[in-house]
Amino acid sequence: MICLMRRTAPPAQRCVTCGEEHQGLTTVFGPPAPDPWASATDEERNRGGINRDTCVITIDDTTSYVVRGELPIPVRDAATGAFAWSVWVSLSEQNMRTLADRWYDPGRESLPPMFGWLCNELSPYPSTTHLATNVHTRAPGVEGITIHRVAELNRLLRAT
Ligand SMILES: [Zn+2]
């Protein structure tokens, strides 16, 4: 399930792709939980926990430590700022402990990037579950999308 996380109202600007003025676009989309949590049984949920930013879930004998982050994609032709996916990424237990210890530390950004597996399907794309990620770094190879693509994603995602 994809839901709206935040809405911004960028200034009206004529799109060079279609000529429309794309207004009131949502610029952050994302699922409210890691997919394994969304499909977990009540018993599995009772043994774990979730809040706005972290999730711990044990399925069979495997415990996953999952953190929410943003995957920003620059919008290259408008003043919208970045478009972002809010996604859940699983970390090692050690890295989750390190992150938890430093959660409120103003110098937290000095932590080295942490490896994580993406824990969500993002519906407009081919399968995204278990894509390798680096938490605290931008996704590699992302070169930005257009305001038209933001509008297209809005049409796709807000229609459901
Ligand atoms: Zn357009």
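The values are calculated or read from the model by the stated rules, or taken from the named source; none is laboratory data. Everything quoted here is computed from the prediction, not taken from an experiment. Positions of Cβ are generated from backbone atoms using ideal geometry, with glycine treated the same way; all protein chains shown enter the neighbour counts.
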Within the stretch 99-111, which residues are assigned to a helix (DSSP H, G or I) and either touching a Phe, Trp or Tyr at 6+ places or on another chain (Cβ under 6 Å) or of a type in the set (Gly, Ala, Ser) (or both)?
Ala100, Ser110
From (1) buried (at least 18 other Cβ atoms within 10 Å of the Cβ); (2) modelled with pLDDT of 95 or more, pick out the condition that doesn't hold for Val67.
(2)
When restricted to Leu111, Leu91, the only residue buried (at least 20 other Cβ atoms within 10 Å of the Cβ), of a type in the set (A, V, I, L, M, F, W, C) and more than 30 Å from Asn154 (Cβ to Cβ) is Leu91
Across (1) without any contact (Cβ under 8 Å) to a residue 40 or more places away in the chain; (2) hydroxyl-bearing (Ser, Thr, Tyr); (3) in contact with a Gly (Cβ under 9 Å, 6 or more places away or on another chain), Thr62 clears everything bar (3)
Using beta carbons and a limit of 6 Å, which pairs, at least six apart or on different chains, have the first residue in the stretch 15-29 and farther than 15 Å from Arg155 by Cβ and the second one more than 8 Å from the ligand (Cβ to nearest atom)?
Val28/Met5; Val28/Arg6; Val28/Ala84; Val28/Ser86
Across the stretch 14-51, what is the total count of residues that are within 16 Å of the ligand (Cβ to nearest atom) and within 20 Å of Glu70 (Cα to Cα)?
3
